[in-house]
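Asks: Got a structure here, written out as structure tokens. Questions coming.
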């Protein structure tokens, strides 16, 4: 069918509406806390939707159907771990975040260990977010490139500028409300695409899923112990790995913690976080099912037979070529909007970390609220440019973008989560112990990932164990040396 003029108009209108909504709901900010935290004025359910949209981006919408197209439903095992990880964060870490007036996730590390630990964690977060969200920005450019027949750099720049527009003006309030709308749109779009595929097939659901069923693609649970540490989608790797990955991403990453800190209370923060885990299970099931339907729709054709270079392009291909006019435009708009949520949130969270963890404590003793707010917006623009540059670096990758982004985060997530757990569960480790454990966790992960010793789902757990082991061991040794 192709992309029509009507589809282009729908995409353009939606993008403009997103910018307008973000600016309108963001209102006017008067301080850095207002710009980055929203003064606790956002209801928990909107924050819940925003968390889902922020972590989903275009990776779920594009790459997860591609994963199911190539493999099966084993990826769904991770979502059980994702929910368990959020429950753990809700009771282990969130209470510490709601004590006092914390402005970032890493302010807790300063209160527990000292300012050096806070700043080191913030630096690690910044570098991780730049790399991981560079991949996400590139992933979002895939459908835009296919739709508009433009090069990846141009598509990346268009997306970055749209996200910057409402992030710069609307702040975190604008971001959260736009995210809430985007989640409804892209999830509804995926369900609509599934319905269209089923309705197009003469034999309905049974007919379109026959090829996937014969290829064994409906398998959800993999109970195999063969190559347990090398296989990413076994039941144990999925649940354990997903749990620790979710604890790190939702308990130590400023991208998510910033949203949680906009809620009014600990109870509302817990509802937002655990609720997002339930929604994510449903969401992953929907997008994996879309992948199986695509397999049947294209009669099990290989990626090369479809004229594509990567599995991430299968769903965008169907949206552009297989949907009626107007509907494909709406779903592409939802795709783009899904990615804008992570992009805008990344700009805001990195800017908040830089100014609240570094700039203001070091240079801002006499900094007025007006000037601090202006500098915060300058940082937002700066990080927009840095993310664009990062996305350019990943344009030629051959790996599924969802796995690539999660692997990048795993370099540092283990060290981050391990350091937070040291602060919450152990009272003895000092700042020096925590920093040594943090660095050890990162170095262990560099070794593990470089040598490809285990599957990516185990990365975070290994980093956590290395961090805690080194931190507690050094703490014990220092106590022995100082004892009479």
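The values are calculated or read from the model by the stated rules, or taken from the named source; none is laboratory data. Given the structure is predicted, the values throughout are model-derived calculations rather than measurements. Glycine also receives a Cβ, built like all others from the backbone with ideal geometry; neighbour counts cover every protein chain displayed.
Asks: For region 297-315, name all the residues that are surrounded by 15 or more Cβ atoms within 10 Å (Cβ to Cβ) and more than 21 Å from residue 209 (Cβ to Cβ).
Replies: Selection gives 308, 310, 312, 313.
Asks: Listed residues 283, 258; which is closer than 30 Å to residue 197 by Cβ, crowded, with 16+ Cβ neighbours inside 10 Å and under 22 Å from the mean Cα position of the chain (by Cα)?
Replies: On the way: 258 fails: closer than 30 Å to residue 197 by Cβ.
When all the criteria are applied, what remains is 283.
Asks: Show the residue pairs that are 6+ apart or on different chains and have beta-carbon atoms under 7 Å apart, the first residue being within region 187-205 and within 21 Å of residue 50 (Cα to Cα), the second being buried (at least 19 other Cβ atoms within 10 Å of the Cβ) and modelled with pLDDT under 85.
Replies: Every condition considered, the pairs that remain are 189/330; 189/331; 189/334; 190/61.
Asks: Run residue 447 past the list (1) modelled with pLDDT of 85 or more; (2) in contact with a helix residue (DSSP H, G or I) (Cβ under 9 Å, 6 or more places away or on another chain) and report the number of the one that doesn't hold.
Replies: Residue 447 satisfies every listed condition except (2).
Asks: Out of 296, 307, I need the residue that is assigned to a loop (DSSP other than H, G, I, E, B) and either within 30 Å of residue 199 (Cα to Cα) or at pLDDT below 85 (or both). Which one?
Replies: Numbers: 296 fails: assigned to a loop (DSSP other than H, G, I, E, B).
The match here is 307.
Quick grid of which residues meet (1) surrounded by fewer than 24 Cβ atoms within 10 Å (Cβ to Cβ); (2) closer than 21 Å to residue 130 by Cα; (3) at pLDDT 85 or above; (4) in contact with a helix residue (DSSP H, G or I) (Cβ under 8 Å, 6 or more places away or on another chain):
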site: 396; (1), (2), (3), (4): yes, yes, no, no
site: 410; (1), (2), (3), (4): no, yes, no, yes
site: 431; (1), (2), (3), (4): yes, no, yes, yes
site: 460; (1), (2), (3), (4): no, yes, yes, yes
site: 468; (1), (2), (3), (4): yes, no, yes, yes
site: 478; (1), (2), (3), (4): yes, no, no, yes
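Asks: Tally time: how many residues in region 323-381 are touching a residue at least 40 places away in the same chain (Cβ under 8 Å), under 18 Å from residue 128 (Cα atoms) and either surrounded by fewer than 24 Cβ atoms within 10 Å (Cβ to Cβ) or under 20 Å from the mean Cα position of the chain (by Cα) (or both)?
Replies: Qualifying residue count, region 323-381: 17.
Asks: Only one of (1) in a helix (DSSP H, G or I); (2) more than 20 Å from residue 165 (Cβ to Cβ) is not met by residue 373, so which one is it?
Replies: Going through the list (1) in a helix (DSSP H, G or I); (2) more than 20 Å from residue 165 (Cβ to Cβ), residue 373 breaks only (2).
Asks: Residues of region 214-236 being closer than 14 Å to residue 289 by Cα and in contact with a helix residue (DSSP H, G or I) (Cβ under 6 Å, 6 or more places away or on another chain), which ones? Break it down stepwise before answering.
Replies: Step one: filter region 214-236 for residues closer than 14 Å to residue 289 by Cα, giving 216-220.
Within region 214-236, 217, 220 qualify.
Asks: Go through region 214-255 and count every residue that is modelled with pLDDT of 90 or more and more than 23 Å from the chain's Cα centre (by Cα).
Replies: Residues in region 214-255 being modelled with pLDDT of 90 or more and more than 23 Å from the chain's Cα centre (by Cα): 0 in total.
Asks: Would you mind listing the helices (runs of 4 or more DSSP H) fully within region 68-164 where at least 3 residues are at pLDDT below 85 and buried (at least 21 other Cβ atoms within 10 Å of the Cβ)? Write out each step before concluding.
Replies: Values: elements: 76-92, 94-97, 107-112, 115-148.
The helices (runs of 4 or more DSSP H) meeting that bar are 115-148.
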